[in-house]
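The values are calculated or read from the model by the stated rules, or taken from the named source; none is laboratory data. These numbers come from a predicted model, not from an experiment. Reconstructed Cβ throughout: ideal geometry from the backbone, glycine too, with neighbour counts over all protein chains shown.
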Amino acid sequence: MPYEKVKVECYSGYRANERPVAFTFEDRRWEIIDVIDRWFEGGVQPGRPVLDYFKVKTSEGRVFLLRYNSLFDAWAVRVPPKSTH
């Protein structure tokens with residue numbers, strides 16, 4: 001599933017966009033209650049931007065994958081497939 005551009009509200013502590021706290025997707029605001037996991041890739045090779053990933057859980061219990069592209073200061077979301085059990 002491709003990523004879709006989203007607006008993200010962030011906590012900014014020692015750096016900007018340190019971690020997401022809410023985002024707007026599917027015409028609604030989703031509040032994040034937990035960052036389950038986070039990691040980054042890129043930045044080692046010239047021309048490859050650093051991408052920060054956040055696996056988050058919302059107050060509704062849904063899990064989303066958010067990606068922050070520092071080069072373009074842009075957020076995107078990928079929704080994991082729904083469980084069938």
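A few notes on this one:
- For Glu26, the conditions (1) closer than 16 Å to Tyr3 by Cβ; (2) of a type in the set (D, E, K, R); (3) touching a strand residue (DSSP E or B) at 6+ places or on another chain (Cβ under 6 Å) all hold with the exception of (3).
- Residue ID - farthest from Pro2 (Cα to Cα), chosen from residues in the stretch 30-61 that are modelled with pLDDT under 95 and touching a Pro at 6+ places or on another chain (Cβ under 9 Å): Gly43
- If you go through the stretch 4-29 and keep only what is at pLDDT 90 or above, among the hydrophobic types (A, V, I, L, M, F, W, C) and in contact with a Cys (Cβ under 8 Å, 6 or more places away or on another chain), you end up with just Val21.
- Considering Arg78, Arg15, Arg38, the condition of being at negative phi and loosely packed, with under 11 Cβ neighbours inside 10 Å is satisfied by Arg15 alone.
- Residues that are surrounded by 11 or more Cβ atoms within 10 Å (Cβ to Cβ) and out of contact with any Leu (no Cβ under 8 Å at 6 or more places or on another chain), drawn from the stretch 18-33: Glu18, Arg19, Val21, Ala22, Thr24, Phe25, Arg29, Trp30, Glu31, Ile32, Ile33
- Boolean, Lys5 is of a type outside the set (Ser, Thr, Tyr), touching a residue at least 40 places away in the same chain (Cβ under 8 Å) and in a strand (DSSP E or B): yes
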